[in-house]
Amino acid sequence: MRLSFACFFKKTVNGHIFRGKNRLVKPVSKQAMIRLRAEYDLQEQNMLYLRHPYLTIEESFGHTKELGKPEAKMARWKDYDLEQRRKPHITIEERLSCLKIKDAWD
């Protein structure tokens, strides 16, 4: 009875709170406008960097070859032991060894 009485005085919208005809619309505040302006400025700065990159496509092509990264990656992959990549084989006896108290039957 008490719970239904509290729900009777509930002051929310019908259905989903942020969708539909009876949605709850937040008022626009000055703080929200400042935050949105800062996000737009940051996005515009990022787009400027993307439009005018530091290196051209020709300059940036193959820059990791001099560092030797692909060769180092392949060498690390070849040196990695095959047995380390796979999980060890576990038998049923090893799984159920915790249940064994003593070997002799009563």
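Sketch the reach of a paramagnetic label on residue 78 as a point 7 Å from Cα along Cα-to-Cβ, and name the residues of the range 26-69 whose backbone nitrogen lies under 15 Å away.
Inside the label zone: 69.
If the viscosity is 1.306 mPa s and the temperature 10 °C, what Stokes-Einstein diffusion coefficient in µm²/s follows for the range 34-77 when Rh is the Kirkwood radius over Cα pairs? Each step should come with its number before you reach the end.
Values: Rh = 13.5 Å.
Stokes-Einstein gives a translational diffusion coefficient of 118 µm²/s.
With charges only on Cβ, +1 for K and R and -1 for D and E, what is the dipole size of the range 40-85 about its Cα centre, in debye, rounded to 20?
180
How much net charge surrounds residue 17 when only other residues with a Cβ under 11 Å from its Cβ are counted (Lys, Arg +1; Asp, Glu -1)?
For residues surrounding residue 17, the net value is +3.
Would you work out which of 53, 63, 43 lies farthest towards the positive end of the dipole of the range 39-86? Charges go on Cβ: Lys and Arg +1, Asp and Glu -1.
Farthest towards the positive pole: 63.
Values in this text are rule-based calculations from the coordinates and carry no lab data. Please read all numbers here as calculations on a predicted model, not as lab measurements. Neighbour counts are summed over all protein chains in view; Cβ atoms, including those assigned to glycine, are modelled from backbone coordinates with ideal geometry.
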